[in-house]
Amino acid sequence: MINLVKDTIDNKDIDRLINWLKTYPRLTKGPITLELEEKWSKWLGRKYSVFCNSGSSANLLMLSALKESGYMDNNKVVVPSVAWATDLAPVMQLGFEPILVDSNMDDLSVDLEHLEKIFKEHNPSALMFVSVLGLVPDMNRLFELCRNYDVALLEDTCESMGCEYKGKKLGTFGMMSTFSTFFGHHISTIEGGFISTDDFELYELLLSLRSHGWDRDLSKHTQKVLQKDWNVSEFDAMYTFYYPGYNLRSTDLQAYIGLSQIDKLDEWGKRRERNFESYQSIIENDYWKVKPQEDSFVSNFAYPIIHPNRDEIVKELQKNNIEVRPMICGSMGTQPFYVKKYGRLELPNVSIIDKYGFYIPNHPHLTSSEIILISHIVNEGIKSGS
């Protein structure tokens, strides 16, 4: 069986974890979580990071912090129609108005022409930007559009850990960015996610919202200000809640796993990038082939294919014990939870991606012979459908 993804936690990680557990450490969120957050921030190149229990929770926290921050002039948020469910779901859950944007067929990212049209017509407060598989549009132009129309840029980088645009890591362009450490992503903490930012006030909002809305994780200065503003005694402060928060904390057990995972991230990224380049050179798809931006580093956890003969190609791959899946989760505008509230929305490029798109494996343990086998089956399927 050639798996679509493979766990990045190996025997050495397990042995290291067992030895640590024998010291009877604190397992809930504690000092190891802080150590992981600092190490992650240093690796990414951002000032602050918050570790939580999933990438989906990270998206929820990011949007909640934006809502509480006062940055938003209205409740309109643009979301790519090619995205994950929890890019859109928290937008709806928090009472925002989602506006879906079409994709660019070259790189599966947002169509910048359609995006600017939306900015002009709707004047949204935020863009939930999703870098699909580490593939992005012209990020300089995207950043310029957000600046010119005063739109807060939020990055979902869950599929793009370690990817770069012109030497700058994805996840460092926006006001805040999210990452996933779920099984099969670039690194794993079993379950987990990060939100990263350079804004100290947003950072403290994220910390408070992650843990019920209290002030226990905040700086001493902020604690004093809040307690004074709300006339809270030192005794009552531990159980005073300043924001409508959640419990989205992870654990020190997962953080401990994460510490060694980060050490492997750069090497695994290079392997995924090599696999990507191999697929690019071997697969012969005249209908569509992804076109990454120049001077970009693409390290994705799967390789995307779009072809009208998708169903037959998928059947042949599965017959040969090769795991595949649809591209992300198709079109957000046709997902039942969106349709029930807003009606069905089909965008031209997204409809093609949804109908004909799928992923094939790309993980650090994939061998050259496996890439050749997968590519051969795909090429034969393309020829048979021509």
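Computed from the coordinates by the stated procedures, all read-outs in this text should not be read as laboratory data. Just so you know, these numbers come straight off a predicted model, no measurement behind them. Because the Cβ atoms are built from the backbone with ideal geometry, glycine has one as well, and the counts that use them run over all protein chains shown.
Some observations on this one:
- In the chain, the longest principal axis of the Cα atoms and the axis of helix 368-384 are about 60 degrees apart.
- Against the chain, whose longest principal axis is taken from its Cα atoms, helix 112-122 shows a tilt of about 40°.
- Under the criterion of Cα pairs below 8 Å and six or more residues apart, the relative contact order for the chain equals 23 percent.
- Ranked list, fewest to most other Cβ atoms within 10 Å of each Cβ, for T240, T86, T367: T367, T240, T86
- Bridge orientation summary for the chain: considering DSSP beta bridges with both residues in this region, about 60 percent are antiparallel.
- Segment 69-125 shape via C-alpha gyration tensor axes, a/c threshold 1.5: oblate
- Karplus-derived 3J(HN,Hα) values for segment 240-255, using 6.51 cos²θ - 1.76 cosθ + 1.60 with θ = phi - 60°, are 10, 10, 8, 9, x, x, 10, 10, 10, 5, 9, 10, 5, 4, 5, 5 Hz; glycine and proline are entered as x.
- Residue order, fewest to most beta carbons within 10 Å, for H212, H307, H122, H221: H221, H122, H212, H307
- ³J(HN,Hα) computed for each position of segment 218-233 - Karplus, 6.51 cos²θ - 1.76 cosθ + 1.60, integer Hz, glycine/proline x: 8, 5, 4, 4, 5, 4, 5, 4, 4, 5, 5, 4, 9, 6, 9, 6
- In order along segment 11-22, the Karplus-derived 3J(HN,Hα) couplings, from 6.51 cos²θ - 1.76 cosθ + 1.60 at θ = phi - 60°, round to 4, 4, 4, 5, 4, 4, 5, 4, 4, 5, 5, 5 Hz, and Gly and Pro are given as x.
- In whole percents, the pair-distance distribution calculated for segment 1-129 from its alpha-carbon pairs, binned every 10 Å from zero, is 10, 27, 30, 20, 11, 2.
- Placing unit charges on the Cβ atoms of the charged side chains and taking the dipole of the chain about its Cα centre, the candidate lying farthest along the positive direction among M72, N148, V314 is V314.
- In the chain, helices alone account for a calculated mean residue ellipticity at 222 nm of -13500 deg cm²/dmol, with every DSSP H run of four or more residues adding -39,500 (n - 2.57).
- Difference of contour (0.36 nm per residue) and Cα-Cα distance, S260 to N11: 88.4 nm
- Prolate/oblate/rounded call for the chain, Cα gyration tensor, a/c under 1.5 rounded: oblate
- Between the residues P90, S331, M139, the greatest Cα displacement towards the positive end of the dipole of the chain, with unit charges on the Cβ of Lys, Arg, Asp and Glu, is found for P90.
- Gaussian network model of the chain, springs between alpha carbon atoms under 10 Å - residue of S299, S208, S177 with greatest fluctuation: S208
- Total charge dipole magnitude, segment 196-319, about the Cα centre, Cβ charges on Lys, Arg, Asp, Glu only, Debye to nearest 20: 360
- Under 19 Å from K22, Cα to Cα: lysines that are on another chain or at least 8 residues apart: K12
- Degrees separating the helix 200-210 axis from the principal Cα axis of the chain, which is the longest one: 90
- For the residues D156, D252, D87, a GNM of the chain with alpha-carbon springs under 10 Å puts the largest fluctuation on D252.
- Residue separation of K270 and R147 scaled by 0.36 nm, minus their Cα-Cα distance, works out to 41.0 nm of gained length.
- A Gaussian network model of the chain, with springs between Cα atoms under 10 Å, assigns the largest mean-square fluctuation among G333, G184, G95 to G95.
- Inter-centroid distance (Cα atoms) of segment 306-352 relative to segment 158-228, Å: 31
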